Amino acid sequence: MKDSEIIDLGKTVFGVFFSIGTLCLLGALITKNDGFALAGYLLIVFGVPVNLLCILGLLIYGVLNTSRFIECMIAILILTANIPIAFLYAMIGLSFFNN
């Protein structure tokens, strides 16, 4: 893989899960439909393992191919930005649907 492809992979995975999470949160807040909240919960349940597998794959690739290690770490940092965002979205969703 080229350097830009590694970083683009991290950005793409981040963008997909960020977009779906935002869609679920906004859908739940705007429509007050529990289906969006359930979809957001399922996104967390299934999205965490997918993101962790991507991180693990990038880490292994970076260790085995040391010339690409820095790019893999950048992609991993991009992916880990989803963690606080998902936590914030979960707190917003839980506070909204607890009332």
Pair list, Cβ < 6 Å and 6+ apart or interchain, from the stretch 14-39 residues that are more than 25 Å from Leu52 (Cα to Cα) to residues that are open to solvent by 50 Å² or more (accessible area, probe 1.4 Å): Gly27/Phe36; Ala28/Phe36
Any chance Ile7 is open to solvent by 70 Å² or more (accessible area, probe 1.4 Å), at negative phi and in a helix (DSSP H, G or I): no
Flag for Ile30 being among the β-branched types (Val, Ile, Thr) and exposed (fewer than 12 other Cβ atoms within 10 Å of the Cβ): yes
Boolean, Ile44 is part of a helix (DSSP H, G or I), among the aliphatic types (A, V, I, L, M) and without any contact (Cβ under 8 Å) to a residue 40 or more places away in the chain: no
Any hit, the stretch 70-88, residues being farther than 17 Å from Phe14 by Cβ, open to solvent by less than 70 Å² (accessible area, probe 1.4 Å) and assigned to a helix (DSSP H, G or I): no
Qualifying residue in the stretch 37-46 (condition: more than 25 Å from Ala90 (Cβ to Cβ) and loosely packed, with under 12 Cβ neighbours inside 10 Å): no
Where a residue in the stretch 76-99 is touching a residue at least 12 places away in the same chain (Cβ under 8 Å) and its partner, wherever it lies, is of a type in the set (S, T, N, Q) and open to solvent by less than 40 Å² (accessible area, probe 1.4 Å), with Cβ under 8 Å and at least six apart: Leu79/Asn51; Asn82/Asn51; Tyr89/Thr22
Sole residue being of a type in the set (S, T, N, Q) and under 11 Å from the mean Cα position of the chain (by Cα), chosen from Ser95, Ser19: Ser19
Verdict on Phe17 being assigned to a helix (DSSP H, G or I) and either loosely packed, with under 12 Cβ neighbours inside 10 Å or in contact with a Cys (Cβ under 7 Å, 6 or more places away or on another chain) (or both): no
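The values are calculated or read from the model by the stated rules, or taken from the named source; none is laboratory data. Treat the numbers as computed from the prediction; the structure is a model and nothing was measured. With ideal geometry, Cβ positions are generated from the backbone for all residues, glycine too; neighbour counts draw on all protein chains shown. Protein only, heavy atoms only, side chains kept; ligands, DNA and RNA dropped before computing areas. Shrake-Rupley method; radii C 1.70, N 1.55, O 1.52, S 1.80 Å.
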